[in-house]
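The structure appears below as structure tokens.
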Amino acid sequence: MGREFALNEPVDVLVIGTGAGGGNAIRELCLNGASVVALEAGQRYSPERDFVNDEMTMFGKLSWTDPILSAGDNPYAMPTWTCKTVGGSTAHWTGNALRPSAYELKARSTYGAIAGTSLVDWPVTLEEMEPWYEKAERYMGVTGRAQPSQTPSANYLA
């Protein structure tokens, strides 16, 4: 578990956000001896005590609903899947982090040029990424190869 730092105490690294990216960075830094301070805008919830099986209740608890600046065509800028809580938006994942399909990493090859976009293929294959997905799935405790996957939704099926 963490410890408190004095406001004037030097640290090695400051990480902003404790979601999938920040959380894994914090873990690796700490395991390698760095002193790390993490800043998180939201509070820490206990799944056993604070989570309920009610989507609207949890949306109100977890979602970042503060006013934000918007650009583009969306004047409302409602960040539907952005959480303001320890763990960040991984709290919305319900323990399920789907991997992309191989064709999704080759979008340019799959779909061809699309006017008005800079669509490119990833410079790596899914097979090259698998060890990193497995490591992340183990650390985050989500489904994947390290744990049984949930049945994909219709949106995920190829």
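The values are calculated or read from the model by the stated rules, or taken from the named source; none is laboratory data. From a predicted model like this one, the values you see are computed outputs, not experimental measurements. These accessible areas exclude ligands, DNA and RNA; they are computed on the full protein's heavy atoms, side chains included. Shrake-Rupley method; radii C 1.70, N 1.55, O 1.52, S 1.80 Å.
Across the range 5-20, the qualifying residues are those that are assigned to a loop (DSSP other than H, G, I, E, B) and open to solvent by less than 70 Å² (accessible area, probe 1.4 Å), and the one among them that is nearest to ALA34 (Cα to Cα) is VAL11. Residue count for the range 21-47, restricted to those that are open to solvent by less than 70 Å² (accessible area, probe 1.4 Å), of a type outside the set (D, E, K, R), outside any helix (DSSP H, G or I) and under 20 Å from HIS92 (Cα atoms): 4. In the range 99-116 there is at least one residue that is within 27 Å of ARG27 (Cα to Cα), within 21 Å of the chain's Cα centre (by Cα) and at pLDDT below 90.
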